[in-house]
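Engineer: I am attaching a structure below and will ask some questions about it afterwards.
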Amino acid sequence: MDGESGIETTRRVARLFGCYGLRAAATLLLLQPVLAAADFIVPANSVVSLNGATLDLGCTDLIVAGILQVGNGKVLNARNVSVQPGGAFNGGSGVIEVGGNWSGNGGFVAGSGTVRFRDLCAIASATISGNSSFANARFVSSISKNYVFAVGSTQTITGVLEITGTAPQPIQFRSSIPGQVAFINLTGSGTQQIAHVGVTDVWATGQWLAAGQKNEGGGGNANRWFGPAQNGAVSVPVPALSTLMLGVLAALLALAAGPSLRRRASSSIVDTIAQHRRRSRGTRS
């Protein structure tokens, strides 16, 4: 490329996209050798539209300082995604696939799309920072991957929240500073698919998460995870009382109320026992 560095080429291409947009998927396919060689950067004051194309980053970074519109396209094999202050990442109805860090310091507009956090690019630990709102967020790992959420940050999910590890290798959610918390908010309209997760210092602020499950490998401080039984509350069955016992209990309470009610209470006990005997005879006949 006449000695031009890969990153400078990518910047030049991104500026071109900012002026003209992606006219067709074929245009993007021609650029795959360039995109695989260096980070893909959308500069400030630029607009990039995928127009249904697939942008395969080949485990390089996506940096959005301008506007990136996914539409119904796909962003695959991103190593790290950084939406910088002043940048806007519009997810549309598409798919965004990330192996490493997610930095939502700019504007992420979820649309109805899906962000998939996966075991990609040989990354065993990923950091989620900034406050982002996702339509659908899917965290799936078979390597006990650590997802580290910045302290004080909130990730909001309005559609599907999937968190899936494996029994021998549960996925791990933790905050960036031990003892301090980050937050996940699955709104009331959302649904969850959760299995084999460990949680440390990450609180749920919307729906209870993973109700009835166990904290697998996590260090705790997991408010509103794993159901009330996992958070100190104990469910105690209340025994049902028979009609006879209810009558006797009511009479005893009346006796305890004072002398003026004792005659009434005594009569009530006799009447209750008599009624119970009559019912018993009727049942036997």
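The values are calculated or read from the model by the stated rules, or taken from the named source; none is laboratory data. It should be emphasised that the depicted structure is a prediction, and the values quoted were computed from it without experimental measurement. Heads up, the Cβs are rebuilt from the backbone with ideal geometry, glycines too, and the neighbour counts pull from every protein chain shown. Accessible surface areas use protein heavy atoms only, side chains included; no ligands, DNA or RNA. Shrake-Rupley method; radii C 1.70, N 1.55, O 1.52, S 1.80 Å.
Engineer: Might you check whether a residue that is at pLDDT below 55 and among the hydroxyl-bearing types (Ser, Thr, Tyr) occurs anywhere in region 222-237? Before the answer, list the steps.
Structural biologist: At the first step, the residues of region 222-237 found to be at pLDDT below 55 are 229-237.
If we keep only those that are among the hydroxyl-bearing types (Ser, Thr, Tyr) too, we end up with 235.
So far as region 222-237 goes, yes, one or more of its residues are at pLDDT below 55 and among the hydroxyl-bearing types (Ser, Thr, Tyr).
Engineer: Given the options ARG79, ARG23, name the one that is modelled with pLDDT of 95 or more and open to solvent by 30 Å² or more (accessible area, probe 1.4 Å). Explain how you work it out, then say what you get.
Structural biologist: Numbers: ARG23 fails: modelled with pLDDT of 95 or more.
After applying the criteria, what remains is ARG79.
Engineer: Given the criterion open to solvent by 10 Å² or more (accessible area, probe 1.4 Å) and out of contact with any strand residue (DSSP E or B) (no Cβ under 6 Å at 6 or more places or on another chain), identify the matching residue among SER133, SER129, SER142. Please lay out each step first, then the result.
Structural biologist: Working: SER133 fails: out of contact with any strand residue (DSSP E or B) (no Cβ under 6 Å at 6 or more places or on another chain); SER129 fails: out of contact with any strand residue (DSSP E or B) (no Cβ under 6 Å at 6 or more places or on another chain).
Criteria check complete, one pass: SER142.
Engineer: Cβ contacts < 6 Å: first residue under 14 Å from THR127 (Cα atoms) and open to solvent by 60 Å² or more (accessible area, probe 1.4 Å), restricted to region 178-202; second residue of a type in the set (Asp, Glu) and outside any loop (DSSP other than H, G, I, E, B), any location; separation 6+ or different chain. Result?
Structural biologist: No pair meets every condition.
Engineer: Any chance region 208-219 includes a residue that's touching a residue at least 24 places away in the same chain (Cβ under 8 Å), outside any loop (DSSP other than H, G, I, E, B) and surrounded by 15 or more Cβ atoms within 10 Å (Cβ to Cβ)? Talk me through it step by step, then tell me what you get.
Structural biologist: If we filter region 208-219 for residues that are touching a residue at least 24 places away in the same chain (Cβ under 8 Å), which is where we start, we get 209-210, 216-219.
Still in the running and outside any loop (DSSP other than H, G, I, E, B): 209.
Next cut, surrounded by 15 or more Cβ atoms within 10 Å (Cβ to Cβ) only: 209.
Yes: region 208-219 contains one or more residues that are touching a residue at least 24 places away in the same chain (Cβ under 8 Å), outside any loop (DSSP other than H, G, I, E, B) and surrounded by 15 or more Cβ atoms within 10 Å (Cβ to Cβ).
Engineer: Restricting to region 109-119, name every residue that is open to solvent by 30 Å² or more (accessible area, probe 1.4 Å) and not acidic (Asp, Glu). Can you show your working first?
Structural biologist: In the first step, residues of region 109-119 are kept if they are open to solvent by 30 Å² or more (accessible area, probe 1.4 Å); the result is 109, 111-112, 116, 118-119.
Of everything in region 109-119, those that are open to solvent by 30 Å² or more (accessible area, probe 1.4 Å) and not acidic (Asp, Glu) turn out to be VAL109, GLY111, SER112, ARG116, ARG118.
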